[in-house]
Protein chains: 2
Amino acid sequence: MQYRKASAYIIEQLNGIVGEDNVIVSLDQIEMLYGKQTQEKTWTAIPDVIVKAENSLQVSEIIKIANRERIIVTPTGPAGGAAPVRGGLVVSTERMNRILEIDPGNMYMVIEPGVTIVEVQKKARENNLRYAGDPFSAYCSFIEDISATSSGVKGAFIYSAASRHICGLEVVMPTGEIIAFGGKTVKNIAMYDMVRLIAGSEGTLGIVTKIWLKLMPAPRHCADLLIPFDDMLKAIRVVPMIMTAGIAPATLDFMDQETIKATGKYLSQSLPHSDAAAYIICTVEAKSKSQLEEEYEMIGGLCLENGAMDAFVANSLTAREGLWKVRKCYAEAISDLSPVCCRGDIVVPMSSISRALEEIKAIGTRHSCRIISCGPAGNGNIQCTILKEDRDDEEWEKLKIDVFDEIYKIICRLGGSFSGELGTAAKWAQCHENYSNPSASSVMKSIKKALDPNLILNPDRIADLCI
Amino acid sequence: MQYRKASAYIIEQLNGIVGEDNVIVSLDQIEMLYGKQTQEKTWTAIPDVIVKAENSLQVSEIIKIANRERIIVTPTGPAGGAAPVRGGLVVSTERMNRILEIDPGNMYMVIEPGVTIVEVQKKARENNLRYAGDPFSAYCSFIEDISATSSGVKGAFIYSAASRHICGLEVVMPTGEIIAFGGKTVKNIAMYDMVRLIAGSEGTLGIVTKIWLKLMPAPRHCADLLIPFDDMLKAIRVVPMIMTAGIAPATLDFMDQETIKATGKYLSQSLPHSDAAAYIICTVEAKSKSQLEEEYEMIGGLCLENGAMDAFVANSLTAREGLWKVRKCYAEAISDLSPVCCRGDIVVPMSSISRALEEIKAIGTRHSCRIISCGPAGNGNIQCTILKEDRDDEEWEKLKIDVFDEIYKIICRLGGSFSGELGTAAKWAQCHENYSNPSASSVMKSIKKALDPNLILNPDRIADLCI
């Protein structure tokens, strides 16, 4: 597929749609906004232009031009997470940041894609509700990330599980048509499940311009647990025990020793048992105080029986906030260790997490590189990060590919997948070819072609589509 | 689209694939199997042939022939729920009825599509687990119903919500290719969400031949409540109160007076407060006995404060079984009132259920016909049934269309949908045209055409596709 650049003539048309102030063409400004996202030279490129749309009509007008002129469109939101692979047009929905409606009686909220999770939670709390999103990744992020308007080198958290909490989407299709799928009813199967298809499509099937979020009653009582272990494998082996015991914590995260150290350093704070080999951090919720106690004592007990060094319970607001700070920042803390790093998001059947971690450790040893692991292990999800540190560019490019190739091979052998929670992102598109079922990939491509005949929307997210 | 009939030459080829015993061509036998499903002459037709496949390879061979020869294929399972609209080939997966694997450590089960929910639950229970499916419709049905291998005049329950509990599918695509999507990991977003797309496609995008079911720890303590009201609207107004109070019962059903009477008659049993205007029946689950008591007392209290006549708690196994019998059979009990009846499955925002029921009642009065309402109201879902009784065929056809046209108009006005839980089924395909967004329908059709270029799989489920 041959794509065009955004010419001066196109820029003029874009100015006409959103106003000059919302069309960014200066290389300096673009680099300022996209400097970090495009540092991975192999997989990213500076866009020709960034357009900030204010409503779905503007998005539609922009897409129609791009579709007619065959210009690649990369959708993004306030986090600016999406990085184009080959220039073209970046459409930002950061100005579409209003909460349009909250209906406590029916427990839903209608928002624009630029609204942040923090704002959603605040509004929900005011109405004695909450947005459950993906509790396993509650430490992040922007709504854009769950609604296919972004996904790139960073960002794109809480996709798939979050889509369960979306009951409707307004989408600008790749041809410019504005369509609403689903809506405020919890169940609606009169159509194919377009909401989930588009919510998980990483901006390849449409740009989301409005989101109907399902809300839930706010939990009445909560507590967090921090449980240090002197052995990573002991910690990780407790995870399936907790999950199958019927306790069902709302979140369950795992941090390895390097993550603990990085987090302590990042927060300039001495963490409890900061020499521990691993932490398990989880949140329990209950309808009464006595029930809450019962829950965290069961988890604490199970961990202590299975080699935990201690079990800290945070049930006051202050104590909980302290603990959440640790959980919320561990991803950033790791990135802070090395300005350039590479994160893989893998998922394996729960009982294979410890096996996967052992093998990943061995890969690190073989390649003499640090592989840092953490993540919402409660659903088999691990985030592995390798750091560039003082390697030169060439060595680093080779290391990344070799290490993740070995990791993905293990994951496939264990029945897992190379993308659990973070978006697959352009850089992993090739993985579809190497580690996925080619028939399944070809079905995905048929759908992409059916809805985006000129392949203008984020085509590099799907390997081979535009070669 | 022009379709062919299954000729003698085709039958011979089918005999070669599955053996003569598994190819049913005798009109008598077909009518015996399909007599009930095809009594709705307007929307159903006797198939040319029924083929009983034993494995995915056989299904694939059959589909390849049908695709080459342009013969319509209607997939079905042991319930025989699917009825073809224009003859052709019915592919039954009733012989594919094995539980292939259960993995308690990772909490999943792999089954063939002919396994029943009852068998799944039994196997899960033996492993201290359960299949949550859609708790709001736990009174039904066959796995075929949740996995797109069936959906027709009856059956096709628990589609969309059940798909949340499916983590993988092996599918024979309309071109005959066998593809596995997803698998045993809980999260997997390396691809578009094909599992949910196909699970909700009512057999229009592929025939499911293997299912990976997510399981959950078995609940430790359960109780059921039966709460009679002397006024239907009082009962229905309590539903959103319960749902927003953070109690979250596992199921919440509603029965109107006619449903109560029909159920009592069907079970030859005198039900408590059998003269009640409505029942609310719900199930609560908890991790401890004290917590369970707390839960059902909260619900009971809320109902009694809001006009309930009484609140019966069943917490022994025998008492619970008695109550579940009532919930499980209410749909059949209604069908039993009139050999010919027509059921619509609607969904509205929770707070609009009482408004919807008032308006539906008024429609019944205007048309002098009984409209019976019941269903898992906890998610805004209502099943409305109208009975043919002693009307002649012509009058009945007109009545059905008029009544449901009025009902659907109300539902649309209230922000609901004409298909909450039951499959849309061929007879409602036209609804897509009348009550859905035409742009959304056209997106659905593009996907259908991309995956099934000859439109052989269940084409009449989607209006206009094959005109």
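Taking every residue in the stretch A:282-294 that is in the same structural domain as A:Met243 (by TED's automatic domain parsing) and over 10 Å from A:Ala223 (Cα atoms) and pairing it with any residue that is among the acidic types (Asp, Glu) and open to solvent by less than 10 Å² (accessible area, probe 1.4 Å), at least 6 positions away or on another chain, the pairs with Cβ-Cβ distances below 9 Å are A:Lys287/B:Glu295.
Looking at the stretch A:213-260, which of the residues that are farther than 19 Å from A:Ala308 by Cβ and of a type in the set (D, E, K, R) is modelled with the highest pLDDT? Applying the filter and picking the extreme gives A:Glu258.
Of the residues making up the stretch A:195-227, those that are charged (D, E, K, R) and either closer than 25 Å to A:Leu169 by Cβ or within 8 Å of chain B (Cβ to nearest Cβ) (or both) are A:Arg196, A:Glu202, A:Lys210, A:Lys214, A:Arg220. Scoring A:Thr318 on the criteria (1) under 19 Å from A:Leu252 (Cα atoms); (2) not assigned by TED's automatic domain parsing to the domain that holds A:Ile411 leaves a single failure, condition (1). Applying the set (1) within 22 Å of the chain's Cα centre (by Cα); (2) more than 16 Å from A:Asp310 (Cα to Cα); (3) modelled with pLDDT of 90 or more to A:Ser268 leaves exactly one unmet item: (1).
For the stretch B:414-467, the tally of residues that are more than 7 Å from every other protein chain (Cβ to nearest Cβ), part of a loop (DSSP other than H, G, I, E, B) and modelled with pLDDT of 75 or more stands at 7.
The residues of the stretch A:326-379 that are among the small types (Gly, Ala, Ser) and under 30 Å from B:Gly183 (Cα atoms), listed by number, are A:Ala331, A:Gly344, A:Ser351, A:Ser352, A:Ser354, A:Ala356, A:Ala362, A:Gly364, A:Ser373, A:Gly375, A:Ala377, A:Gly378. Within the stretch B:11-31, the set of residues being out of contact with any helix residue (DSSP H, G or I) (no Cβ under 6 Å at 6 or more places or on another chain), among the aliphatic types (A, V, I, L, M) and in contact (Cβ under 8 Å) with a residue 40 or more places away in the chain comprises B:Leu14 only. Here B:Pro135 meets the list (1) more than 30 Å from B:Cys222 (Cβ to Cβ); (2) open to solvent by less than 40 Å² (accessible area, probe 1.4 Å); (3) at pLDDT below 60 almost entirely, failing just condition (1).
Per the conditions (1) open to solvent by 50 Å² or more (accessible area, probe 1.4 Å); (2) farther than 27 Å from B:Gly246 by Cα; (3) of a type outside the set (Asp, Glu), the sole criterion not satisfied by B:Met309 is (2).
The values are calculated or read from the model by the stated rules, or taken from the named source; none is laboratory data. Since this is a predicted model, take the numbers as computed values, not measurements. Glycine also receives a Cβ, built like all others from the backbone with ideal geometry; neighbour counts cover every protein chain displayed. Please note that ligands, DNA and RNA were not included when accessible areas were found on the heavy atoms of the full protein model with its side chains. Shrake-Rupley method; radii C 1.70, N 1.55, O 1.52, S 1.80 Å.
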